[in-house]
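What follows is a single structure, written as structure tokens, with notes after it.
The values are calculated or read from the model by the stated rules, or taken from the named source; none is laboratory data. Predicted model, so just to flag it, every value in this text is computed and none were measured. Methodologically, a virtual Cβ is constructed for each residue, glycine included, from the backbone with ideal geometry; neighbour enumeration extends over all protein chains shown. Only protein heavy atoms, including side chains, enter the accessible area calculation; ligands, DNA and RNA are left aside. Shrake-Rupley method; radii C 1.70, N 1.55, O 1.52, S 1.80 Å.
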Amino acid sequence: MSTTFKKRNIFLWLLALAFITPIITLFFLSFSKNWQFPAILPKQFTLENWRYLFFSGGNIAPSFVISLVIALSVATFSTLFGFIASKYIAYHKFRSKLLMLTYFPFALSPVIFALCLKFFFIKMSLTGNVEGIILAQLIIAFPYSVIFFTGFWSQKIKQYEDLVATLGGTTSYAFRKIVMPIAKSLILVCFFQCFLISWFEFGLTSIIGYGKVETLTIKVYQFITEANIFYAALSCCLLILPPVILLWFNKKFIIQQAK
Amino acid sequence: MFKKPINIISFLLLFVFAILPLVLGFGFAVAYSFGLIGVLNKGFTLENWLALFENNDVVISFIYSAWLAIASLTISVVVSMAIAINFNKKFSKGIYSYLVYMPLAFPSIVAAFFFAQFLGNAGILSRICYQLGIIDKIQSFPNLINDQYSIGIIIAQFFLSLPFFTLLYTGLYQTERIDDYTKLANSLGAKNRQSIFRISIPILFKKSFPNIVLYFIFKIGAYEVPLLLGRSSPETVSVLAVRKLQKFNLYDIPQGYAIAVIYTIIILSLLMLVLKTNKNEYDI
């Protein structure tokens, strides 16, 4: 075995280790108790943390459901609205200027953006509730969705639609039979990405939610500040589990996007 | 402009969810920072802006944020380029093509928490070092989180951005047919090293430059990782703005909004520059 071959393999093993260590560590910690220095492994492995947080007043299940409701709502609305608005931008004569305007809110730090908008959310009674967080996250996810779909509305799609119209088909027929079948996989990917934007969101949620709406990311932060690493690890596991599963299933679509 | 009702709906969506929040948010921050609105403000004044620049905190904060973004991005770009050039086939299919997605499933706050547990003084790395006899007590382990060189933040941000650049470069490696170019160069007598440094890297870097700058723009505003793994001084822009705007001193609020104004102007100017110079690279 040559030295170069060995080096390449070591590099690959290190990479694999770097990718899987975080997940394994977090799962280990979520089942742990009594993890004192210098022991590498905890003294005790237990289901107690999971049992407490789910069944004995730990309130993690409601947080999981709230996060899920918010993420699904944001993903649904932003994908739908983005798909509609992107067509308008894509075929507009000021396409590049409109697209630039769309990029602006997406590029800003969500937490700073939220601080600037907090006053208006207070005036509309949209702070400290789920509706307010959904609206605030839409302001971040909607631009992403528009940018994502603008590339889809190419001249080729327009020509297909024109062809249907020439052959006597209605706009709705062209949409149902031509546009939707082509866009289906992209819509799925966009939905998934917007779900993740919302699912991962912390800064904006903490500002607009005032800490009253306890999403999973807010819970993680609470546990970290309380120095309760086992509960924090458990919440982290719940946060990364859905994305891991979704990523696994959607890898094919994402790779197509990346290309 | 609005030949069809759907165009009116589209424009309204764009206005309500993208343009209006930006105008309102920025307008509010500008007005507050100049004393035009706000509980303790008494009319137009430059006092808040002058007070902001009385010390170097803001300038240092912007430089620090930029430095963190550049440091983590540089490592990400170098490592992912190395992966794309050396292991393109392995990362295109098979187990590695799945593993590379793992960090994408990590929210920033989870990554920050993990690295706090991994790199901290009582963390996993420190325990391994102790068991191997490299250190003899907990204090002997170097500070890798909340440290003066921000090593923890840089590593966490590198971890979060690695899959993005790896996917980008492995994709570019194939679409730009770099393999064909390097084979051609090798057949004309170029050494491996020459074809990497004169063909592969320049093509990959040039093609990915707009993405690198866009990623830099996003990373300047990073909040969760510096909040958990950083020190109280210097602070990143987001952490500093939140501290000024959310804490108890009401006189700090106008300064917090002034920081938000400066941040917005810098980010939007950078973005305009990138988008104007790369007119064909707008789409995600």
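Tabulated data
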item	result
Cα centre as origin, Lys/Arg/Asp/Glu Cβ charges: the stretch A:1-121 dipole, Debye	480 debye
Debye, to nearest 20: dipole size of the protein assembly as shown, +1 on Lys, Arg Cβ, -1 on Asp, Glu Cβ	1720 debye
Carbon/sulfur fraction of accessible area - the stretch A:49-201, other protein chains in place, 1.4 Å, %	67 percent
Accessible surface, 1.4 Å probe, highest first, among residues B:Val58, A:Val244	A:Val244, B:Val58
Average Cα contact separation per residue, chain B, under 8 Å, 6 or more apart, as relative contact order %	26 percent
Selected from B:Leu172, B:Leu99, B:Leu245 as most flexible by GNM, with chain B as the system and alpha-carbon contacts under 10 Å	B:Leu99
Filter on A:Lys33/B:Lys90; A:Lys118/B:Lys4; A:Lys97/B:Lys183; A:Lys184/A:Lys212; A:Lys97/B:Lys206 - keep pairs with C-alpha separation over 32 Å	A:Lys33/B:Lys90; A:Lys118/B:Lys4; A:Lys97/B:Lys183; A:Lys184/A:Lys212
By accessible area with a 1.4 Å probe, ligands and nucleic acids excluded, highest first: order of A:Arg176, B:Arg198	B:Arg198, A:Arg176
Charge context of B:Val237, other residues only, Cβ under 14 angstrom, K/R +1, D/E -1	0
Residue-normalised accessible area of the stretch A:1-107, given per residue in Å² at a 1.4 Å probe	53 Å²
With Cα atoms, 0 to 90° folded angle of helix B:20-33 axis to chain B main axis	60 degrees
Whole-number accessible area per residue in Å² for chain B, which is evaluated in the context of all protein chains at 1.4 Å	49 Å²
Degrees between helix B:253-277 axis and first principal axis of chain B (Cα, 0 to 90, nearest 10)	40 degrees
In the A-B interface, the accessible area buried, summed over both sides, Å² (probe 1.4 Å)	7800 Å²
Computed helical MRE - 222 nm, chain B, DSSP H runs ≥ 4 contributing -39500 (n - 2.57), nearest 500	-21000 deg cm²/dmol
Listed residues A:Gly203, A:Gly169, A:Gly82, most fluctuating in chain A (Gaussian network, C-alpha, under 10 Å)	A:Gly169
Lys, Arg +1 and Asp, Glu -1 on Cβ, resulting dipole of the stretch B:147-284 about Cα centre, debye, nearest 20	360 debye
Buried on assembly, the stretch A:43-90 (at least 40 Å² less accessible surface than by itself, 1.4 Å probe)	A:Phe81, A:Ile84, A:Tyr88
Span-rule helices in chain A, defined as complete DSSP H runs reaching 20 Å or more along the axis (Cα) with Kyte mean at least 0.5	A:3-30, A:60-90, A:130-150, A:180-200, A:229-258
Equivalent ellipsoid dimensions for the protein assembly as shown as semi-axes, Å, which come from the Cα gyration tensor, largest first	36, 33, 25
Centre separation in Å (Cα based) which lies between the stretch B:140-206 and the stretch A:1-76	28 Å
Order of exposure, largest accessible area first, which applies to B:Thr277, A:Thr21 with probe 1.4 Å	B:Thr277, A:Thr21
Top positive-direction residue, dipole computed over the stretch B:184-274 with Cβ charges, set B:Gln246, B:Ser208, B:Leu268	B:Ser208
Alpha-carbon centroid distance for the pair the stretch A:99-133 / the stretch B:207-252, whole angstrom	17 Å
Of all accessible heavy-atom area on chain B, the percent that carbon and sulfur account for (1.4 Å)	64 percent
Estimated [θ] at 222 nm from DSSP helical runs (n ≥ 4, -39500 (n - 2.57)) normalised by residues in chain A, nearest 500	-25500 deg cm²/dmol
Cα long-axis angle, helix B:108-119 against chain B (0 to 90 degrees, to the nearest 10)	60 degrees
Accessible area of B:Phe113 in the full protein assembly, 1.4 Å probe (Å², nearest 10)	10 Å²
Chain A: relative contact order as a whole-number percent, Cα under 8 Å and 6+ apart	28 percent
Per-residue SASA entry for B:Asp180, accessible area with 1.4 Å probe, Å² rounded to 10	80 Å²
Heavy atoms of A:Ile23 accessible to a 1.4 Å probe, total area in Å² rounded to 10	30 Å²
Local electrostatic count, A:Leu68, Cβ distance below 14 Å [Lys/Arg +1, Asp/Glu -1]	-1
Heavy-atom accessible area, 1.4 Å probe, ligands and nucleic acids excluded: residues of the stretch B:10-26 down by at least 10 Å² from chain alone	B:Ser10, B:Phe11, B:Leu13, B:Leu14, B:Phe17, B:Ala18, B:Ile19, B:Pro21, B:Leu22, B:Leu24, B:Gly25
Cα-based reach from A:Lys93 at 17 Å (exclusive), listing aspartates and glutamates while leaving out same-chain residues under 8 positions away	B:Asp283
